Amino acid sequence: MSLGLGGFRRKSADAKQKFVGSHPLPRVFAVDLNDDDSERFQDSRYAGFSWYVFFTTLLVSLSALNIGWSIGMANISKPVICQLHPTTTLSSASNEFPSRLSFSENAWSISVGVLSVGGLIGALVSSVIADSIGRRNTLVINNGFFLAGSVLMGTSTTALHFTLGRFVMGVGCGVASGVATIYVGEIAPVRWRGFYGAFFQNFMVFGILVAQLASIYITTGLQWRIVVALPGVFSIVQIALLPLRVESPSYLIKARHVTEARHSLLKLRSGFDVSAEWQESLASLDSGEPGIRSSFVGPAKADQPDETNSSDATMKSRSPAQNMSKVSGCSSTASMQTRAASESGLGANISIWQMLCGRTRDDLRHLVICCTVLMALQQLSGISVTLFGGSDLSLAIFDPESPLSAPWACIVVCFTALPATLLCMLWVDKLGRRPMLLGSLGGMTICSVLISIGLFLGPSSMVMASVFLCYFLFNMGIGSIPWFLMAEYVPAYALGPTTVLSCSLNWILSLGLGLVVPVLEDAIPQWLFVIFGGLTFVGFFFVMLFVPETMDRTVSDVVAKHAGPMHIVIKYRRKAAVKKRSSGINGSLVSMQSKK
């Protein structure tokens, strides 16, 4: 089946050939490899820039803006929101909206850290919700948490009231951190996955920056209440506009909504041949669970026996791609969907333990561990927690004699992060993931050493410049890339458990470092960045040895090359280079012999 844009409908092969001879080829959709047009037009897996995907990613990234806002507003707003009393409890009562809330130091620390607790809970349940109601619908409903948290904090009268709002907001942050990255990864074409995936970190950094700029100017109770309630406005925008975008085709296939999945993919890849991407999606969702038929079966014809009664050998001989191409051309969609719902094993649920033990169709241990370690390195690098987690170390770094300099320094650091995330968006699909991760972690290691030297010798311009450069490099690599790398490493049937594992560990480390860093500041302040530098140094060698490149590669290609237990990936690059050289030599010999 093929449809032409611009009002052109070619009814016959002769008309088609005549049109091709005098005009540029119109854009044609194909969902069956047997279509005449499926071999004439560009593969959708390598589609170019799409305004539809771009605006969809912008809408989804408003959730990342809310995450950044929740992180950034707590650091500078503390003197305005809090009226510190040593004996104040979280449940201190008040009958009106006070200009400031009564907190003790411990109560404020709990209020700041509870965001990570909520984030952990949200990350743990994100996969279950997303697989039940869909990625887009999960993000729409998740905005209810952002909206409720904003209202609770904006109307808070006690420390407990405010802390509860932070917790609810944290649940929304946890769900969004997992589902938003999955959704964007599933709708983005292969060649633009890095560009669209980097939007998440870009909007998170922008949220931190704007929240801190707003917080530094608030002076009254009414003003800080508006600042903490603003994420609710972004949530309303998402609730209103996000339902107008299409659902992830991978989820719709997994949920057996085949017709909707096909229409969704055609909408996302307007003007491209989607047949190969369609069938690759089917293969990536087939978990290969034993005893489950992982193929879509077309409706039986009246003059033929029902295919459901055929032998298992016949069923196993058909690949998901072969069966699905029959589905795409089938007119009896309702019959097909009913049959698929009862017989298909696409998207069968697997557990985290199964993945870690290699008990899946593809042994994903190496790739899952890479995803998890990279997400952990985001927090273990330490720079984000130190600057934006309510830490007092920034005062010692910038100017211990002038506390007001630290908030402004944090804002300047955020300004340096914006061009870093923009450069990541532009370069990650040209330079590759590995080079940018290596440059990020290696540069951060050097900067951490310089910061530690400066802390031993006393605050200096070298320390401030190193902090700025460190956060710049963080956002150019390790801060941005792990968010979307998960969707490039593991097939769709294992993406949910992988996201839960990686994002949950990220939130756990965020909470743990938020508790540990203040203790280390008091005990060994000068050695803190030595620890962080050592961790990024280890991360540099981990990436160099174990993290594979995914630029311009499909998930199936990555899994085929790097399935199995942990292994060094450098040898695969060397083998590929040797193979390429040998093929070139053989080709030269053949051409020389043909000339003779």
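Exposure proxy check: Phe540, Phe203 ranked by fewest other beta carbons within 10 Å?
Numbers: Phe540 21, Phe203 25.
Final ranking by Cβ density, sparse to dense: Phe540, Phe203.
Which value in Å is the Kirkwood Rh of the range 455-538 over different Cα pairs? All intermediate terms of the calculation are to be shown ahead of the outcome.
Values: mean 1/r = 0.0650 Å⁻¹.
When all Cα pairs of the range 455-538 are included, the Kirkwood radius is 15.4 Å.
Mind checking the full-extension length gain between Leu520 and Arg553? Use 0.36 nm per residue of separation minus the Cα-Cα distance, one decimal, nm.
7.6 nm is the gain from fully extending Leu520 to Arg553.
With Kirkwood's inverse mean 1/r over C-alpha pairs for Rh, give me the Rg to Rh ratio of the range 350-565, two decimals please. Could the numbers behind the result be given before it?
Values: Rg = 18.2 Å, Rh = 18.0 Å.
With Rh from the inverse mean 1/r over Cα pairs, Rg/Rh is 1.01.
Nearest 20 debye, what's the magnitude of the dipole of the range 350-565 about its Cα centre given +1 on Lys and Arg Cβ and -1 on Asp and Glu Cβ? The partial results should precede the final answer.
Values: 8 positive and 12 negative charges, 130 e Å.
Here the size comes out at about 620 debye.
Test of understanding: what is the full-extension gain from His263 to Leu213, defined as 0.36 nm times their sequence separation minus their Cα-Cα distance? Present the calculation step by step, with values, prior to reporting the outcome.
Values: separation 50, 0.36 × 50 = 18.00 nm, distance 4.30 nm.
In short, 13.7 nm is gained.
When Ser102, Ser150, Ser504 are ordered from fewest to most other Cβ atoms inside 10 Å of their Cβ, what list results? Numbers along the way, then the final one.
On the way: Ser102 19, Ser150 27, Ser504 24.
So the residues, fewest neighbours to most, are Ser102, Ser504, Ser150.
At 0.36 nm per residue, and after removing the present C-alpha to C-alpha distance, how many nm does the segment from Phe415 to Gln354 gain when stretched out fully? Before the final figure, lay out the partial values.
Working: separation 61, 0.36 × 61 = 21.96 nm, distance 4.28 nm.
Taking Phe415 through Gln354 to full extension adds about 17.7 nm, to one decimal.
Only the coordinates and a few stated rules stand behind these numbers; no lab work does. Remember, it's a predicted structure, so these values are computed and weren't measured experimentally. A quick note on method: Cβ atoms are made from the backbone with ideal geometry, for glycine too, and the neighbour counts reach across all protein chains shown.
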